[in-house]
1. For residue 97, work out the one condition from (1) closer than 30 Å to residue 182 by Cβ; (2) modelled with pLDDT of 95 or more it doesn't fulfil.
2. Exactly one condition in (1) modelled with pLDDT of 95 or more; (2) surrounded by 15 or more Cβ atoms within 10 Å (Cβ to Cβ); (3) in a loop (DSSP other than H, G, I, E, B) is false for residue 172; which is it?
3. Looking at (1) in a helix (DSSP H, G or I); (2) within 23 Å of the chain's Cα centre (by Cα); (3) modelled with pLDDT of 90 or more, can you tell me which one residue 141 breaks?
4. Given the structure, is residue 79 at pLDDT 95 or above and touching a helix residue (DSSP H, G or I) at 6+ places or on another chain (Cβ under 7 Å)?
5. Filter segment 283-306 for residues that are more than 14 Å from residue 266 (Cα to Cα) and at pLDDT 95 or above and give the result.
């Protein structure tokens, strides 16, 4: 962080300068800076300044409408959520329709869901009726997403959609857009829905363990980092997640999936024992499969919560061990 920013932060925290002086200085510096790291640092300070000034709102509104950096827009959304939720519907509505970052889209919908207004509810229902127009998916993937669209149409037909809260309608929009985004990005996506509430309860992003001959380039998901799919953490009702046969080395963040019961991580690149801390934070986890990862050599069943069924070796691994013990 620039020394001048550290100074402004300290001056504000000690009461040497007022909120308005700090905001004026920081917003002016932001508007004259082309350095993305500095701009993000500025917003991080602004985020902790307790003011609901109209000038700050206009500043954040302009960021949502015109800034090209999704991280900058993300912080602006977070500040609006805390400081300006009651006056933000129009700009958030515009941003939701035009946002190209799926993570930011989810944040915007969650923020709008907090606004207690009939027009928010009507807007969400309208958006659920325009889902097909809001995404561009290749013809061969239409079947994968169409079952979601059919369920939503059924909700509208039987008027069940009218019984859902505004918050729940927002969750359906988030779940749908996450699945649509995954389908556009990865060749192997399967999911299951709770047909009562329209939310995703099972997600399969696994690849095949063996690579068959003759398949075209790009047929594998080949997920290397959970940051690629960080937005799946918005799937609040997800119970089963299959990430087998990818290239993942760190599962930090999965503990935010608080309803997860089954997690399949076999044949990835997980080596660090800190994986254990993440898994033991998952209070509802019933089963985890880690076989085929280097980390299993460092783990013991006793390291895990007693309620979790843990798979550290495949059936073939256990069979090989049994045969060796018999031979010896």
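The values are calculated or read from the model by the stated rules, or taken from the named source; none is laboratory data. This structure is a prediction, so every number in the text was calculated from the model and none was measured. No Cβ is skipped: glycine too gets one built from the backbone with ideal geometry, and neighbour counts run over all protein chains shown.
1. Every listed condition holds for residue 97 apart from (2).
2. With (1) modelled with pLDDT of 95 or more; (2) surrounded by 15 or more Cβ atoms within 10 Å (Cβ to Cβ); (3) in a loop (DSSP other than H, G, I, E, B) applied to residue 172, the lone miss is (3).
3. Checking residue 141 against (1) in a helix (DSSP H, G or I); (2) within 23 Å of the chain's Cα centre (by Cα); (3) modelled with pLDDT of 90 or more, the one that fails is (3).
4. yes
5. If the condition is that a residue be more than 14 Å from residue 266 (Cα to Cα) and at pLDDT 95 or above, then 284, 285, 286 are the ones that fit.
For (1) in contact with a helix residue (DSSP H, G or I) (Cβ under 9 Å, 6 or more places away or on another chain); (2) crowded, with 16+ Cβ neighbours inside 10 Å; (3) modelled with pLDDT under 95; (4) part of a loop (DSSP other than H, G, I, E, B), each residue gets a yes or a no:
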position: 152; (1), (2), (3), (4): yes, yes, yes, no
position: 192; (1), (2), (3), (4): no, no, no, no
position: 201; (1), (2), (3), (4): no, yes, no, no
position: 206; (1), (2), (3), (4): no, yes, no, yes
